[in-house]
Each structure stands twice: as structure tokens, then as C-alpha cells.
Amino acid sequence: MHVDDFLKELDAALGSQYILRDDQDKVPYLTDWRGLYTGIALAVVLPKDTAQIVAIVKICQQYQVAIVPQGGNTSLTGSATPEASGSQIVVSLKRMNAIRHLDLQNQTITVEAGCILQVVQEEVKKHDAFFPLSLAAQGSCTIGGNLATNAGGTNVLRFGNARDLCLGLEVVTPQGEILHGLRGLRKDNTGYDLRNLYIGSEGTLGIITAAVMKLYPAPINHSAALVAVADFPMMMGLLHFLQKRASAELTAFEMMTQESIDLTIQHFPQFDTPIIHQAPFTILIELFEYQEEKLPTASSMLEGLLEEAMQHAFLGDAVLANNLSQVKAFWQIREHITMAQAKEPENLKFDIAFPLSNLSGFIAETDQMLRQAFPGIRIINFGHLGDGNLHYNLCAPKDADPGYMADHESKIVSMVYQQITQFAGSISAEHGIGQLKREHLKQHRGDVAYHVMQNIKRALDPDNLFNPNKVLIRHDL
Ligand code: FAD
Ligand code: MLT
Ligand code: ZN
């Protein structure tokens, strides 16, 4: 391959200022958010529209250069980081950030893949609509990345994950063709569901260039509470009670353990509030309010429900947000757990899911096994409990020697993964596989499922040029 010729063709297609070759310019695109992986790229390419992506893909086909699509680079599995070979290019979608069409009658928005999630949320809010996807990385992650990872976040309980919010996609295939699927249809049984094939494919099957996303009416108010809970039976009782009594209004049920809160307040003392020090678990509950004339309001409804729940002994103490800024303050605690853990030098993250009926068994048994095998290990367990999704994370003991986690990683991972299997869970609830979990995918999903995935990948990307060695291992293709 003649690298110079390849780069010259890219220059001609996009303009040389959009082909980053300088090491300094490439830095922000080469390391993942957690700092676990650093790659080397031949170039970082910044297309402005779908036609330019088609041109890039065709040039890459001709020179057999692999492409790593990238949005906001907030992946927690190293899925948007190129390999160290220096033979791949990163295609960053960040210049493709136009809002193409807002259809308020159909309650949809058509956006380019590089649109920042928060920008979409804010844009629709101006029109009294609501886009429910919500996660702590929303100020930098993109709709394309959200779809490519099938992101979840904090509103899945009520509105579903990125897949559930998407009605149509525009995709550039590995052959450089454009799949035109930007249709805002809520029903469409015309053959295989191609949209759902690309959602969650982590850039391995095509580049998502635009999407039609569902909107909802904007809530007129939010109410939230922090609730102290002593144990799992109480927590499950509370969840079921709220689901029954608040049904559609219940949008979040987020669990934080005492350890995860302590770590967060240690690093971000500005978010401290007395209630969160009271019990082994604190639950952040959020209710949306839609009808102006409705009585009681969401906040008085939540208050009433919590009083009732307290009588049933589903909770210890509770504090209700008095206004929107207090609602935000509650969320700040929850959303800073990841940032707090990132400040710890040595940590492992497990983004896992279980049937709700198995959650407490997994936690009780696995906590005990880990504490016994690794005295002093810190278990930072929090997550989207209403969805059965735990962020079961570990930090090295306070007094551990440097390198503790690296030394014990394989034993810890195999213990936790065995427990996930035993409790019928998933090794990836919402962050995907990327490069972090690719070695475990086959065993976890089984030979037949893996084989079907191999066949799909071979059929759609026969030269393995789209994000190779992510999700599926290179030598399996
Ligand atoms: P990137 O990181 O750039 O890419 C992710 C993957 O998508 C890569 O495989 C990449 O190749 C592919 N990709 C990106 N754009 C495209 C495209 N246009 N076409 C095809 N493939 C593409 N995730 C959750 O699910 N829930 C959470 O609550 C959550 N919270 C987070 C909090 C923090 C602080 C951080 C740092 C991350 C969090 N994440 C969460 C993980 C991450 O933010 C999401 O997975 C997000 O959806 C990734 O979007 P991105 O634009 O940054 O994608
Ligand atoms: C979250 O729910 O905050 C995210 O998924 C991030 C994480 O797991 O750390
Ligand atoms: Zn999460």
C-alpha cells in the first residue's frame, strides 16, 4: 500500500485540513475515555457529509485500509480506539452535526450522527418536546455513538434504550453504498430489520450517518427523591410498589451503595447531603408530571407514595426535592460516581445485567467471594436498578501496592464472569463489547450465536475493514 497515495486521495476528497496527520492533532482521538487503550492512526479524518463518507469508504476499499468510526470518544470499552498497528484511520463524525428535520406532528427528529446528545435534548425542548435518552456523558457523546453502542442511561425504565428510540437510519455500508432508511415509521414489517442490525454493532458493520429519533411530549415538571433503603427485599418492594402506583410517571429508579456514595463525596464534597449517609443503599427516584391540572402534582404524589411505602417498611428515610435545582443536585451525585471512580488509580468496571429476581443473590454471593479472596477490595456498586443493570465496579484496597489490580485482574474477572453466568446475567448491559470484553463474547453468548454473528460480519464486511477486532476477534473471521 502506498500511504502517500492513499492520503493524497483523501486530501482530494475532503481537503487536506480535514485529514489530521500531525501527532499532536491526532492525540484526542487515540485514547479511550478511561485511558486503558492508546492506538496509532494513519490519519484522523473529519468528513462533513454522507457523500464524503462514501468517498472515504471507497478509497479505504481500494487501499484496504481499516476504518474506526468515532463519535464523542466516550466509549467505556475501548471500542472507538484504533489499534496500535498504525494502519487504520479514525473517521470522526463530529463535523456531521446538523439537525436535518424536526417533525413535531410525527414527534420525530432527524439528526446527523455527530450531533451531541445534549444538543438534541436542548433543541427539542425549545419546541416543547422531549428526547429521553440521558446519560452522564451527554455533553460529549453523539447520537451515532449512542446508536452504535445501543446506549441505555437513566430513563430506560420508562422510555427504553437508544434502540427503542430510533425509527430510521442512514448508513454507509462497507461497499460505500448509502442505505437510505430515514423513515419515521412506527410500524414497518418490510423484510429483515436492518436498522436493528446496525444499532449496537459498534462500528463493525457500517457507518451510521443520520438517524430518525422518537420524541415525547415534554413533562411540565419533574420530582425526585433520595431514599434510604436497608436491604434488597426492601428495594424490590419499593420498586414494585412505585411501578404499580406511579406506573408511567416513574422514569428512574437508580441505586447507589454507601461505598459508591462515599467515594463520590470524597472526590466531590460539594454534592454532600445528609440523607445519603443513612443506609447501605440510597435510591434516586424520579417522576415526570404531564398534566397541568392534575392533582396531586408529581411532587405531592411522590410524597404521598413515599409515606405509604414507609408504612409498608419499604424505606427508611427520604428527602424530596423541593424544586428543579434540587432535582439536578440529586442527579449530580449519581452522575459523578463514574468521575469519582475514574480518579482512583486502579479500578475494574463490570457493566452487567440480571433478571431482577437474581440481583440480590448475585450481589450477596459475589461481594462475599471477592471480599474473602481479596481482603480490603472496594466494591463500588451502583446502577440502573429498575432495569436490572448493575455497574459493579471494583477499586484496589486503600493500602494496596501499585499494580494490585493488574496482578489480580484475570482472577477477579473470571470469578465475576462465572457468577454472572450462574445468575443468568449479561456481561454487557449497555456499554457494549468493544475490545474490553471481546475475549469473553463467544463463551458468554454460546457457539451458535457467535457463529451467526461471524456470518453477519463476513457477509456485510467481507474484507473486515470496519472497526476490525472489536466485538468479534479478528482471527475468528
Ligand atoms: P464513541 O465512544 O465515539 O464510539 C462508541 C462506539 O460506536 C465505537 O465502536 C465506534 O466505532 C462506534 N461509533 C461511533 N459513532 C459511530 C457512527 N456514526 N457509526 C457507526 N459507529 C459509530 N453508556 C450507557 O449506555 N449508559 C450510560 O449511562 C453511560 N454513562 C456514561 C458516563 C460517562 C461519564 C462516560 C464517559 C460514558 C458513559 N457511557 C454510558 C458510555 C458512552 O457514553 C456511551 O456508550 C455513548 O453512547 C458513546 O457515544 P460516543 O459518541 O462517545 O461514541
Ligand atoms: C452510568 O450509569 O453512570 C454509566 O453507565 C457509567 C458507568 O458505568 O460508570
Ligand atoms: Zn449506566
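The values are calculated or read from the model by the stated rules, or taken from the named source; none is laboratory data. Just so you know, these numbers come straight off a predicted model, no measurement behind them. FYI the Cβ positions are ideal-geometry reconstructions off the backbone, even for glycines, and counts take in every protein chain you see.
Looking across region 171-208 at every residue that is acidic (Asp, Glu) and more than 10 Å from ligand 1 (Cβ to nearest atom), the one that is farthest from Thr142 (Cα to Cα) is identified as Asp188.
Look at region 50-74: where a residue is farther than 21 Å from Leu30 by Cα and a partner is of a type in the set (Ser, Thr, Tyr) and away from ligand 3 (no atom under 16 Å from the Cβ), sitting 6+ places away or on another chain with Cβ atoms under 8 Å, you get Thr50/Thr209. The set of residues in region 434-477 that are touching a Phe, Trp or Tyr at 6+ places or on another chain (Cβ under 9 Å) and in a helix (DSSP H, G or I) comprises His440, Leu441, Lys442, Gln443, His444, Lys457, Leu460, Asp476.
Restricting attention to region 349-394, the residues that are within 15 Å of Gln418 (Cβ to Cβ), within 16 Å of ligand 1 (Cβ to nearest atom) and in contact (Cβ under 8 Å) with a residue 60 or more places away in the chain total 2. Across region 357-388, what is the number of residues that are within 16 Å of ligand 3 (Cβ to nearest atom), not in a helix (DSSP H, G or I) and not aliphatic (A, V, I, L, M)? Qualifying residue count, region 357-388: 5. Each residue in region 381-395 was checked for being more than 10 Å from ligand 2 (Cβ to nearest atom) and on the phi > 0 side of the Ramachandran plot, and 1 pass. Restricting His431, His391 to those that are within 16 Å of ligand 3 (Cβ to nearest atom), within 21 Å of the chain's Cα centre (by Cα), assigned to a loop (DSSP other than H, G, I, E, B) and of a type outside the set (Lys, Arg) reduces the list to His431. If you go through region 38-60 and keep only what is aliphatic (A, V, I, L, M) and assigned to a helix (DSSP H, G or I), you end up with Ala51, Ile53, Val54, Ala55, Ile56, Val57, Ile59. Of all the numbered requirements in (1) within 16 Å of ligand 3 (Cβ to nearest atom); (2) surrounded by fewer than 22 Cβ atoms within 10 Å (Cβ to Cβ); (3) of a type in the set (Gly, Ala, Ser), Ser79 misses one, and that requirement is (2). Of the residues making up region 209-248, just one is under 25 Å from Lys187 (Cβ atoms) and among the basic types (Lys, Arg), namely Lys214. Could you tell me whether any residue of region 442-462 is crowded, with 18+ Cβ neighbours inside 10 Å, β-branched (Val, Ile, Thr) and more than 17 Å from Gly200 (Cβ to Cβ)? Scanning region 442-462, I find no residue that is crowded, with 18+ Cβ neighbours inside 10 Å, β-branched (Val, Ile, Thr) and more than 17 Å from Gly200 (Cβ to Cβ), so the answer is no.
The residue of region 198-232 that is modelled with the highest pLDDT, among those that are within 29 Å of Gln326 (Cβ to Cβ) and outside any strand (DSSP E or B), is Leu215. Please enumerate the residues belonging to region 403-425 that are crowded, with 16+ Cβ neighbours inside 10 Å and either of a type in the set (Val, Ile, Thr) or touching a strand residue (DSSP E or B) at 6+ places or on another chain (Cβ under 8 Å) (or both). Within region 403-425, Met405, Ile412, Val413, Val416, Ile420, Gly425 meet the criteria.
Considering Ala400, Ala373, the condition of being buried (at least 18 other Cβ atoms within 10 Å of the Cβ) and small (Gly, Ala, Ser) is satisfied by Ala400 alone.
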